[in-house]
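Quick one: this structure, given as structure tokens, is what I'll be asking you about.
The values are calculated or read from the model by the stated rules, or taken from the named source; none is laboratory data. The model shown is predicted, which means the values in this text are computed figures rather than measured ones. No Cβ is skipped: glycine too gets one built from the backbone with ideal geometry, and neighbour counts run over all protein chains shown.
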Amino acid sequence: MNKKVLIALILLMFTFTSCGGNKSDTPKQKEYFTLWNISESKALQRLIEYVNDVTNVFSPNYIPVEDRIATFDMDGTFVGELYPTYFEYNLLEYRALDDPDYKDIAPSDVVEAATDIRNFVRDNVPLPDHFDMKHAYAAAKAYSGMTLKEFDEYVKAYAKKEANGFEGMTYGESFYKPMLEVFDYLKDYGFDYYVVSGSDRYICRALVESIGIPMNKVIGMDVVIESSNQGDEEGVNHTMKKDEYLIRTDELIIKNLKTNKVKQISQEIGKVPVLSFGNSSGDQAMHNYCLGENQKYRSEAFMLVANDNLRDHANLDEGAKREKKWNDNGYQVIHMKEDFKTIYGYGVKRVPFHFE
């Protein structure tokens, strides 16, 4: 074989393998972002340019496959903040105030937290300061004693309920469809992505299972898990038997918000993300970690602003404030109204909230 031809073939093979499956022709042959207004979305254009740059083996910004880590907040980033708040808030409200098997035995502080949520949703009564922690402690109690399987089934059963404020969608279907296209795109370009949420880890796992995100790619709020026959014995002293199973306790370990997200990313992923996606102040620390001094690669952070009150339930004034704040912080802003052709799918319609 001609020496020059051999060298050319080696270089070609190097280009294809170094991109970790990012063969230059494969992604181009697949149509991405069919649910986005691509020409209108500066954020999406920035993401595409970024990915093309860092996956190009000849670029000075090239990132090896093993370091292509992306982190996604869940609620309000790729799952709807419905009714008009988080799925896990809705679930606690139901558990403490409506579930016939629990409401009459719910502890007073669990009922109080659930009532705060109901008053906020139905009468616009502001949630108390630091309610995220009040809810976390109440939620730990509300599901204590459930096996992991029982809790998973409980979450999925509630997720099958019709999403209040919408027609044609259950809570478990309330994904922002354009954002799911981002997952597919990043996967094809060799990125590994993780869900890093303030919501309960096992709630997140139950919700994202249907879109193919593995359980070990989910980080969230945690409570202590113990063996069914462990009792008061410390785990280090207890040997789990074959007929035992894992159960939830009422002891909160961590509420995964703000800098706690960074701690969890460091502990569970072990690498600094190069892409970060969120929608609220609880995601800023994660974004700053991605963009900050710990980073050795080119990186980007994206914030989604819910500015569409025709296809979703949105607070436009709050959205405008957030957009300015995110721009000032150097984050790329995704605009739900302008950037998405559809939010939840073309068969879903926003309707007024209804209460029994």
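In the range 229-265, how many residues are free of Cβ contacts under 8 Å to residues at least 40 places away in the same chain and within 22 Å of ILE203 (Cβ to Cβ)?
Qualifying residue count, the range 229-265: 7.
Moving on to the next point. Can you spot a residue in the range 242-253 that is part of a strand (DSSP E or B), within 15 Å of ALA140 (Cβ to Cβ), of a type in the set (S, T, N, Q) and in contact with a helix residue (DSSP H, G or I) (Cβ under 9 Å, 6 or more places away or on another chain)?
Yes, because at least one residue in the range 242-253 is part of a strand (DSSP E or B), within 15 Å of ALA140 (Cβ to Cβ), of a type in the set (S, T, N, Q) and in contact with a helix residue (DSSP H, G or I) (Cβ under 9 Å, 6 or more places away or on another chain).
Continuing with this model, one more query. VAL110: more than 17 Å from ALA157 (Cβ to Cβ), modelled with pLDDT of 95 or more and surrounded by 23 or more Cβ atoms within 10 Å (Cβ to Cβ), yes or no?
For VAL110, the condition - more than 17 Å from ALA157 (Cβ to Cβ), modelled with pLDDT of 95 or more and surrounded by 23 or more Cβ atoms within 10 Å (Cβ to Cβ) - is met.
Okay, moving on. For the subset of the range 113-139 comprising residues that are touching an Asp or Glu at 6+ places or on another chain (Cβ under 7 Å) and in a loop (DSSP other than H, G, I, E, B), which member is surrounded by the most Cβ atoms within 10 Å (Cβ to Cβ)?
Checked the range 113-139; the qualifying residue surrounded by the most Cβ atoms within 10 Å (Cβ to Cβ) is LEU127.
Any chance the range 185-195 includes a residue that's of a type in the set (Ser, Thr, Tyr), assigned by TED's automatic domain parsing to the domain that holds THR342 and under 19 Å from MET221 (Cβ atoms)?
Yes - at least one qualifying residue is present in the range 185-195.
Out of (1) part of a loop (DSSP other than H, G, I, E, B); (2) more than 16 Å from the chain's Cα centre (by Cα), what's the single condition that is false for VAL224?
For VAL224, the failing item is (1).
Scan GLU300, GLU323, GLU318, GLU268 and give me the residue that is without any contact (Cβ under 8 Å) to a residue 12 or more places away in the chain and either farther than 27 Å from MET133 by Cβ or not hydroxyl-bearing (Ser, Thr, Tyr) (or both).
Testing whether each residue is without any contact (Cβ under 8 Å) to a residue 12 or more places away in the chain and either farther than 27 Å from MET133 by Cβ or not hydroxyl-bearing (Ser, Thr, Tyr) (or both) leaves just GLU318.
If you go through the range 105-136, how many residues are of a type outside the set (Asp, Glu), in contact (Cβ under 8 Å) with a residue 40 or more places away in the chain and out of contact with any helix residue (DSSP H, G or I) (no Cβ under 7 Å at 6 or more places or on another chain)?
4
In addition: Does PHE72 satisfy being farther than 24 Å from PHE353 by Cβ, crowded, with 18+ Cβ neighbours inside 10 Å and of a type outside the set (S, T, N, Q)?
Yes.
Now, a different point. For the range 254-280, which residues satisfy the criterion of being among the polar types (S, T, N, Q), out of contact with any helix residue (DSSP H, G or I) (no Cβ under 8 Å at 6 or more places or on another chain) and loosely packed, with under 14 Cβ neighbours inside 10 Å?
SER266, GLN267
Another question about this same structure. Restricting to the range 51-108, and then to whatever is in contact with a Cys (Cβ under 8 Å, 6 or more places away or on another chain) and outside any loop (DSSP other than H, G, I, E, B), can you tell me which residue is farthest from ALA301 (Cα to Cα)?
In this case the residue turns out to be VAL65.
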